[in-house]
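Comments concern the structure below.
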Amino acid sequence: MNKIVLDEEYYSLENKSLDITITKKNITLEIIGEVTLNDLTSKEDINLNIVLNDNSKLIYNKFNKDLSYENINIEVNNNTYLSFNQSVYNTLSGDFKIIANILGSNNITHINFYGVSNESGKIIIDATGNIKDNINNNDMLENIRILSLNNEENIIYPNLLVSSDEAEVNHKASISGLDEDYLFYLMSKGISKEEASKLITRGFLMNKLEISNEEKDKLF
C-alpha cells in the first residue's frame, strides 16, 4: 500500500488503498468508490468525519495506543458497504464516541471496537447507530468489546436509534477480564502467565483488523 500523511482538514479519496497517518485534530474524509485505509500509526486525539458517497465501499482499520479523546462521525448514503474496525490499547483514561448515521438505503454497516485497558487506563465509549426513517434494506452491526487488565471502571454506552421499519440491526457489547481457561491452557503448554496474557491480549486486539500478519506483527 502507498503511505500518506493526512495533514489537512479535508480529503476526497477515490478507489485507493492507503496506509495513513493523521496529524490533524479535525479532519473530514469523503469516500468515493472502493477505498481501504490502514490507520495504524496516528497518535493524535481526533474529531474525524467520514462521508460515504453513494455506491462506495470502505474498509477502515484503525489502531491506537493511549488516546484521551476521540469523536468519530460517519455518514452513510445509498448502496454502500462499511467495515470500520478499531482496536485501542489504553494505559490512560480515554473517552471515545462513534456515531454512524444511516441516511440512505441498501447499506451494510459494521462497526467493530475492541479496547484493552491496562495499568491506570480506562475506556469509556459511547457508540450510536442512527437509522433514519423512509429508507430500507439496511444491515447494521455494532460490536463493542472491552478487555480489562486492571481494576479501573470501563463503560460502554450502546445506543441504537432506528426510525425505519426495514432494517436489520444487531448490537453486541461486553466488558471482561482475561479468560482463566485460556490462560490455563496456554500455561499448560509451558508458556509463562505473562506471555500467555500477552498472547491473549494480542489476539483480542487483532481480532477484527483486516490487515496482513506482517502488519499485525509490527504493532506488537
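Backbone phi angles across the stretch 115-125, fed through the Karplus curve with coefficients 6.51, -1.76 and 1.60 (θ = phi - 60°), yield HN-Hα couplings of x, 10, 10, 9, 6, 9, x, 8, 10, 10, 10 Hz in residue order; Gly and Pro are listed as x.
Under 14 Å from the Cβ of K193, count the other residues' Cβ atoms, weight Lys and Arg +1, Asp and Glu -1, and hand me the total. With Lys, Arg at +1 and Asp, Glu at -1, the neighbours total -3. Size descriptors for the stretch 15-73, from the alpha-carbon set: Rg then Dmax equal 11.5, 35 Å.
Projecting the Cα atoms of N118, N73, L6 onto the dipole axis of the stretch 2-178, where Lys and Arg carry +1 and Asp and Glu carry -1 at the beta carbon, places N118 farthest toward the positive end. Over all pairs of different C-alpha atoms, the stretch 2-178 has a mean inverse distance whose reciprocal, the Kirkwood radius, equals 16.4 Å.
Using Cα-Cα distances under 8 Å and only pairs 6 or more residues apart, what relative contact order does the stretch 2-178 have, in percent? Don't jump to the answer; show the numbers that get you there.
Details: 562 pairs, mean separation 25.3, N = 177.
Contact order relative to length: 14 percent.
Only the Cβ atoms of Lys and Arg (+1) and of Asp and Glu (-1) were treated as charged; on that basis the dipole of the chain about its Cα centre amounts to roughly 500 debye. In order along the stretch 89-96, the Karplus-derived 3J(HN,Hα) couplings, from 6.51 cos²θ - 1.76 cosθ + 1.60 at θ = phi - 60°, round to 10, 10, 10, 9, 7, x, 10, 10 Hz, and Gly and Pro are given as x. The charge dipole of the stretch 171-220, taken about its Cα centre with unit charges on the Cβ atoms of Lys, Arg (+1), Asp and Glu (-1) only, comes to about 60 debye. For the chain, with a Gaussian network of springs between Cα atoms less than 10 Å apart, report the residue from L141, L58, L209 with the top mean-square fluctuation. Comparing L141, L58, L209 in a Gaussian network model of the chain, the most mobile one is L141.
For I123, neighbours were defined as the other residues whose beta-carbon sits under 10 Å from its Cβ, and their charges (Lys and Arg +1, Asp and Glu -1) total -2.
Count Lys and Arg as plus one, Asp and Glu as minus one, and take only other residues whose Cβ is under 11 Å from that of K216; the net charge is then -2.
Return one number: the angle in degrees, 0 to 90 and rounded to the nearest 10, between the long axis of the Cα atoms of helix 193-206 and the longest principal axis of the Cα atoms of the chain. Tilt relative to the chain: about 10 degrees.
Read-outs throughout are calculated quantities, based only on the coordinates presented, and are distinct from any laboratory measurement. What you see is a predicted model; the values in this text were computed from it and never measured. Note: ideal-geometry Cβ built from the backbone for every residue, glycine included; neighbour counts use all protein chains shown.
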